[in-house]
Every structure is written in C-alpha cells, then in structure tokens.
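Chemist: So that we are looking at the same thing, I have put the structure below in structure tokens.
The values are calculated or read from the model by the stated rules, or taken from the named source; none is laboratory data. The structure presented is a predicted model; accordingly, all values stated were derived computationally and were not measured. Positions of Cβ are generated from backbone atoms using ideal geometry, with glycine treated the same way; all protein chains shown enter the neighbour counts.
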Amino acid sequence: MDQSDIDLLHAFIASEDAGFAEERQGDLYPMRHYDLSALAPRAGRGLAPDMLQRFHFHWLRVGDWSVASLPEKDLPSLVAAYRQLTCVPVSYDRRQRQLGLEHLFCFGFDEAGALPSAMVATASDLKQRARLIGQCNKYQSFHAQREKAEKFLPYRSQAQAVLETLRHLGHDPGRSNGVLYWGMALIALLDESTRVLILRDLLEGEWPMIVRRDHTLSLLHHSAEAARPHCAENAEYNSLCERLALLHDTRVMAGDAIKLVQRQQWQVENIRDWSASITLYQNGEYDYKRGYPQLSLSLSSWPDSPWEINLSVGDERYVAYGDDPTRNDFGLPPLTGANLEQFPQWVSQINTQLGINLVAGADSSASAYKNRKLAKQLDAWIRAQH
C-alpha cells in the first residue's frame, strides 16, 4: 500500500466524520467507492489502530464492508467498530436499518444482545458468513432463488445461526432487503434440524413486526415447496406444508382477477398461476409520441397484486393498483375489483368523457403468459363492446 492509498483512506475517514456529524453521507465515497472497496481489506497495513477502527466504523455504515481478505489481526478492530455502530440510532445516513440482518448474522450480535451460537470468532468464520449473505443477495427475486434451491445446499451448516438471526429480529423482512430474508429462510428450510422450526415459527408464532402475515405465509408456502425435493421425507414438515398450501390457495381463489375469470367463465390452463394484460391505443394504433393516449389493464392470479390500470393522455394519468387509484388527474370514477367485468364499459365512458378513442387494433390487444386461450378470450371480450 503506497502513500496515495493511505491518503485516500484518511480522506475517506475525514469525509465521513464530517458527514456523520451533519447526518449525511460523506462526499468522497460516491466518487471513489471502487478504489476504497479494493483497499478496505488491506486498510490495516496503512492505518494506525485508532484510525483503522474509525475507517471500519464508516465502512460498515456506507460501504459494502468487503471482508473477503480481511487478515486475522484486523478482526478485533472491525468487531469493535461494529459494536460502536450498534450504539448509533438507526437513520438513513447514519445507520441503515436494512443492513440490520446481514450485520447481525455476520457478527453474531447487535444492540439487543448476542445470538445463542455466539459472536464471530475468526476472520475465516466471518468470511463464511459473508459468503452466505452474498449467495442470498445475488438473486433478483424470491422466484429466482427458489428455482436454484440446490445452490443454497452448501450453506446448510449455518442453518441454526440463520434461524437464530431471523428470530432475533422478529422475522422482520424490513431489517434487510426482502431477497436476503427469503434467501436465509430458504437455507433454514433446506436443513433437517431447522426446517420444521421455521415453519412453526411463522405459522404458529406471534411476530408483531410482520405486518402482512397472509403475504408472508404465501411466500413461505412457495419456499417450503421449493425446499421439499432436497430433503428427506418428514411427516410433520409435509403436514405443515399442506396447511400453508391451503392458506395460500384460499387467498389466491379469493383474488379479484380470479373472481373475474370465474364470473366470465373463461378457460384458464392453470387458474392459480397466470398473468395477462390488455392494452388499448388511440384509434387502435400504437404511436411512440410522448403523451399519446393509451390504456392497459393487467391481471394476475397473485393475490397481493391481482390487477392494475394505467391510463395516460398527454401529461395526465390514471393509475390504480387495486380499488383505490394512486393518481387520478382526470377525476374518473374508479373501477373496483368487485366490478372488473365492467372494464369495457368503463373504457367507453373514458372515451366519451375525454374525447378520445381507445380501442383494440388490428392485432390482438391482449397477451397472457403461456396461455394463448386466455389471451384470445380477453381480446374478444374487449372487442365485443366496440
């Protein structure tokens, strides 16, 4: 490490000291974060012990706190910096709440206490914990994680610590990004010693931090099913999975989009797993011009987002994700899930009120993922009114 590297580390510390005092991020990190990331594991070579702890304190706050090559002698400084950070109130620019899960898992403690499996003891241990975090965070969605469940099998040795961490935070996905929480839950579901325990936790336990329990149980259902082929048969696990499946199925079949399909007697290849959309343009012709009138209705079997409407004319919008519009520049009467079958008539009303002509074009106005029959039925439905 040359003097320019040491100067950069000192400049980072000074920048973050100033930012921390003013409850903001320092100015240097956004411009030099790649250089700092490369230097972070080697910072102990060029900084005095007190400065190293200050560097680690700020790196935990704003950096990716890479520890892949952290030498053993620098671990006490990092742990001391983290302990210092746990005394800082949570805020966006001082201590980010969504880092709570990964910090707790990697270090083994937070301001509320230590995990039963104890704090991190060695740099190698920290490296293994950080690898698990990286495995969970490499996916863009819960669905992608479940499709690659076998990639999580090597991390089952850490399942007990995973479960302890999730319990310590009250199974609160808000203490992390959701992908991290559900990646860690998948690891717990893949291990024989923890899979039944986490299902019981979420099915039978009281966790005040979970504000959408039905949504959480639906996600748990899919994760539990993805884990099932990778573990030995377990009667209790299977029974709990059946309970989850029933709860999820009840939610799905009560959704507005599925009720619409049933009322219209449309044929859907898998009524519990589908998505579709209808898109209409001015005079049935697409135009890329900004503000060109267009309207879309999206439908889905997923119970948390069963339908949405997006209408744009000029710079004005009508946007609804369910019954209550989030934007209604036109003052239109809202469409609701209870009367989705009135959508074609609602479009006619819009055309009259706004003096436009949103209609289906020469090609199909509807699409449905892997469900051509449904797309044809939706296209015929919207054309029948014009």
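Chemist: Can you name the number of the only condition in (1) more than 30 Å from Phe20 (Cβ to Cβ); (2) in contact (Cβ under 8 Å) with a residue 24 or more places away in the chain; (3) surrounded by fewer than 20 Cβ atoms within 10 Å (Cβ to Cβ) that Lys127 fails?
Modeler: (1)
Chemist: A further question follows. Within segment 128-157, which residues are hydroxyl-bearing (Ser, Thr, Tyr) and assigned to a helix (DSSP H, G or I)? Give the derivation first.
Modeler: Taking segment 128-157 and keeping what is hydroxyl-bearing (Ser, Thr, Tyr), we get 139, 141, 155, 157.
Tyr155, Ser157, listed by residue number.
Chemist: Of the conditions (1) of a type in the set (D, E, K, R); (2) part of a loop (DSSP other than H, G, I, E, B); (3) surrounded by 12 or more Cβ atoms within 10 Å (Cβ to Cβ), Lys289 satisfies every one except a single condition; which number is it?
Modeler: Status for Lys289: all satisfied but (3).
Chemist: Out of segment 330-386, which residues are free of Cβ contacts under 8 Å to residues at least 40 places away in the same chain, closer than 16 Å to Tyr318 by Cβ, over 32 Å from the mean Cα position of the chain (by Cα) and assigned to a loop (DSSP other than H, G, I, E, B)?
Modeler: Scanning segment 330-386 gives Phe330, Gly331, Leu332, Pro333, Gly355.
Chemist: Among the helices (runs of 4 or more DSSP H) lying completely within segment 158-219, list those that include at least 2 residues that are within 20 Å of the chain's Cα centre (by Cα), small (Gly, Ala, Ser) and crowded, with 21+ Cβ neighbours inside 10 Å.
Modeler: On the way: elements: 159-168, 178-190, 195-204.
By residue number, 178-190.
Chemist: Let me ask something else about it. Yes or no: Glu242 out of contact with any helix residue (DSSP H, G or I) (no Cβ under 6 Å at 6 or more places or on another chain) and modelled with pLDDT of 95 or more? Talk me through it step by step, then tell me what you get.
Modeler: Working: out of contact with any helix residue (DSSP H, G or I) (no Cβ under 6 Å at 6 or more places or on another chain): yes; modelled with pLDDT of 95 or more: yes.
Considered against the rule, which asks whether it is out of contact with any helix residue (DSSP H, G or I) (no Cβ under 6 Å at 6 or more places or on another chain) and modelled with pLDDT of 95 or more, Glu242 comes out as yes.
Chemist: Got a sec? Which of Leu297, Leu311, Leu280 is crowded, with 16+ Cβ neighbours inside 10 Å, in a strand (DSSP E or B) and in contact with a Lys or Arg (Cβ under 8 Å, 6 or more places away or on another chain)? If you could, list the steps in order and put the result at the bottom.
Modeler: On the way: Leu297 fails: in contact with a Lys or Arg (Cβ under 8 Å, 6 or more places away or on another chain); Leu280 fails: in contact with a Lys or Arg (Cβ under 8 Å, 6 or more places away or on another chain).
Unique residue meeting the criteria: Leu311.
Chemist: Inspect segment 333-342 for any residue being more than 26 Å from Thr250 (Cβ to Cβ), modelled with pLDDT under 95 and of a type in the set (A, V, I, L, M) and give the result as yes or no.
Modeler: The answer is no, given that none of the residues of segment 333-342 is more than 26 Å from Thr250 (Cβ to Cβ), modelled with pLDDT under 95 and of a type in the set (A, V, I, L, M).
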